[in-house]
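The values are calculated or read from the model by the stated rules, or taken from the named source; none is laboratory data. Keep in mind that this is a model prediction, so the values were computed, not measured. Don't worry about glycine lacking a Cβ; one is built from the backbone with ideal geometry, like all the others, and counts go over all protein chains shown. The protein model used for the area step is the full one, side chains on, heavy atoms only, and it has no ligands, DNA or RNA in it. Shrake-Rupley method; radii C 1.70, N 1.55, O 1.52, S 1.80 Å.
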Amino acid sequence: MTTVVPTSEEDPALAVVRFTSELAWADAGPEVAEPQVNRLCVEAQECMVMNKWVELASLMLTSADLIFSKVAEKDLECIFTVICNLVTKSESPDEEIEMAKLISGKIIQQPNDKPALRLKILFNLYNLLVNPYNQFHIYMKALTLALNGKVTEYITPSFKKMDSFLKEWNIGISDQRELFLTISNVLKENKSSAKDSFKFLTKYLATFSGEDAYKMSEAKEEAVHAIVDFVKAPDMFQCDLLDMPAVGQLEKDAKYALAYQLLKIYLTQRLDAYLEFHAANSTLLKSYGLVHEDCIMKMRLMSLVDLASDESGQIPYALIRDTLRINDDEVELWVVKAITVKLIDCKMDQMNQVVIVSRCTERVFGQHQWETLRTKLAAWRGNIANVISTIQANRVTEDGSQAMQGLAIR
């Protein structure tokens with residue numbers, strides 16, 4: 001297979017035009033092919049002379065697209081490296097993005113044909129761009145390609161740098177919404193941690209604040225997805241969904257009010273409320289893909305957390321048994337489960353049949369929780385100040401005693 005490496009003084013772009021056009025017209029025979037190849041090369045030269053880089057990119061992409069399935073991957077990468085490099089010749093951000101859109105649009109057209117290579121080409125294009133917003137545009141194309149071509153594993157590592165990217169791109173709310181929602185879908189396709197997908201879905205929902213009802217209504221279905229994802233996840237026990245306007249709008253929504261009620265049960269109530277809800281809405285829960293037994297298991301842990309949040313710091317075994325609807329010999333087992341998933345820190349007093357709680361996770365962390373934390377910090381600060389004062393007072397006393405002893409010796 002011929003490799004596209006110019007061995008003469010011919011411009012790399014012209015070499016690519018010649019190479020791709022010769023392959024594209026090869027089946028037509030030399031009599032037909034030669035005039036066509038010469039015509040395309042002349043057009044390419046004219047574009048270069050007149051600095052018509054967008055037209056040149058379009059011309060090169062037409063031939064390159066025709067031979068995508070005929071050329072080895074290393075040659076395709078070389079061809080598109082030359083094509084992508086045209087963006088560096090642009091004289092304005094508008095011209096740069098026009099070429100970038102042209103190239104990326106052609107690359108993502110057939111996502112199932114060499115998707116990993118196509119993604120690599122887009123990353124190369126991204127790195128050649130100067131304008132941050134243009135980079136964001138190509139990144140979104142890469143997300144779409146990774147999702148449709150089922151090669152999400154190649155792009156998910158970049159999500160760790162998302163905060164840095166957002167600072168560089170400086171994109172508006174609308175673009176942020178598109179980005180966060182797409183990343184959430186990519187993570188779901190990648191079978192990544194439910195927490196990671198949920199994190200970006202909640203970022204999407206958090207962008208809706210103070211919007212008019214019509215604008216916010218576009219987030220209703222995603223808000224329901226977030227609720228279902230939270231309830232379904234066996235390792236998530238805390239979230240801020242109730243504080244989000246995009247979720248709050250569901251409370252009085254004719255179609256989705258029950259989903260909101262389910263979330264409220266998990267974050268503010270106990271097992272008995274869930275069982276009552278299930279008895280009336282079992283079909284709805286099944287339609288959400290929720291398994292009743294799994295829901296009970298999670299709700300028991302959530303109920304135990306609620307018991308642990310009592311200010312007394314002690315939970316009788318009998319109260320745990322009745323609240324979780326379990327047998328006496330299962331109480332300590334469920335306490336151990338809660339400790340294992342780091343929901344509570346506690347000791348079990350078997351003699352007195354009570355659990356002594358030293359710490360518990362809050363299911364929600366709103367205004368009340370912040371005020372409680374502030375009160376505790378103020379108390380700790382006061383205690384530390386008293387300890388420091390006591391130490392200083394003792395030190396003064398000791399220094400005085402030592403001075404008196406010195407005088408007595410003299």
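Exactly one condition in (1) more than 31 Å from the chain's Cα centre (by Cα); (2) acidic (D, E); (3) outside any helix (DSSP H, G or I) is not met by E332; state its number.
(3)
Let's see how each residue does on (1) within 27 Å of I344 (Cα to Cα); (2) in contact with a Phe, Trp or Tyr (Cβ under 6 Å, 6 or more places away or on another chain); (3) modelled with pLDDT under 95:
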site: V151; (1), (2), (3): no, no, yes
site: T156; (1), (2), (3): no, no, yes
site: E189; (1), (2), (3): no, no, yes
site: Y204; (1), (2), (3): no, yes, no
site: F208; (1), (2), (3): no, no, yes
site: D240; (1), (2), (3): yes, no, yes
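Sort out which residues of segment 159-216 are aromatic (F, W, Y) and assigned to a helix (DSSP H, G or I), and write them in order of number.
Our first condition is that a residue be aromatic (F, W, Y); within segment 159-216, this holds for 159, 165, 169, 180, 198, 200, 204, 208, 214.
Within segment 159-216, F159, F165, W169, F180, F198, F200, Y204, Y214 qualify.
Only residues that are at pLDDT below 95 and part of a helix (DSSP H, G or I): list them for segment 335-369, please.
Listed by number, the residues that qualify are Q367, H368, Q369.
State all residues of segment 273-310 that are open to solvent by less than 30 Å² (accessible area, probe 1.4 Å), small (G, A, S) and out of contact with any strand residue (DSSP E or B) (no Cβ under 8 Å at 6 or more places or on another chain); if no residue qualifies, say none.
Within segment 273-310, A273, S303 meet the criteria.
Output the residues belonging to segment 311-321 that are without any contact (Cβ under 8 Å) to a residue 12 or more places away in the chain and surrounded by 12 or more Cβ atoms within 10 Å (Cβ to Cβ). Steps first, please.
First, the residues of segment 311-321 that are without any contact (Cβ under 8 Å) to a residue 12 or more places away in the chain: 311-312, 321.
Of everything in segment 311-321, just one residue is without any contact (Cβ under 8 Å) to a residue 12 or more places away in the chain and surrounded by 12 or more Cβ atoms within 10 Å (Cβ to Cβ), namely R321.
Name the single residue that is farthest from S197 (Cα to Cα) among those in segment 218-235 being surrounded by fewer than 19 Cβ atoms within 10 Å (Cβ to Cβ) and in contact with an Asp or Glu (Cβ under 9 Å, 6 or more places away or on another chain).
Residue satisfying both the conditions and the ranking: K220.
Six or more apart or on different chains, Cβ under 7 Å: which pairs go from a residue in segment 345-362 that's over 13 Å from L304 (Cα atoms) and open to solvent by 90 Å² or more (accessible area, probe 1.4 Å) to one that's among the aliphatic types (A, V, I, L, M) and in a strand (DSSP E or B)? Could you list them?
K347/I356
Take the residues of segment 210-225 that are of a type in the set (D, E, K, R) and farther than 12 Å from I173 by Cβ: which is modelled with the lowest pLDDT?
Here is the first cut: in segment 210-225, the residues of a type in the set (D, E, K, R) are 211-212, 215, 218, 220-222.
Now restrict to residues that are farther than 12 Å from I173 by Cβ: 212, 218, 220-222.
Working: D212: 73, E218: 91, K220: 95, E221: 95, E222: 96.
Only one residue fits best here, namely D212.
I'd like the full set of residues that are over 17 Å from C239 (Cα atoms) and among the aliphatic types (A, V, I, L, M), limited to segment 179-200.
So in segment 179-200, the residues over 17 Å from C239 (Cα atoms) come out as 179-183, 185-192.
The answer is L179, L181, I183, V186, L187.
Collect the residues in segment 322-336 that are open to solvent by 70 Å² or more (accessible area, probe 1.4 Å) and in contact (Cβ under 8 Å) with a residue 24 or more places away in the chain, keeping them in residue-number order.
Passing the criteria: only R325.
In this structure, is K252 within 29 Å of the chain's Cα centre (by Cα) and at pLDDT below 95?
On the way: within 29 Å of the chain's Cα centre (by Cα): yes; at pLDDT below 95: yes.
Judged against the criteria, K252 is a match.
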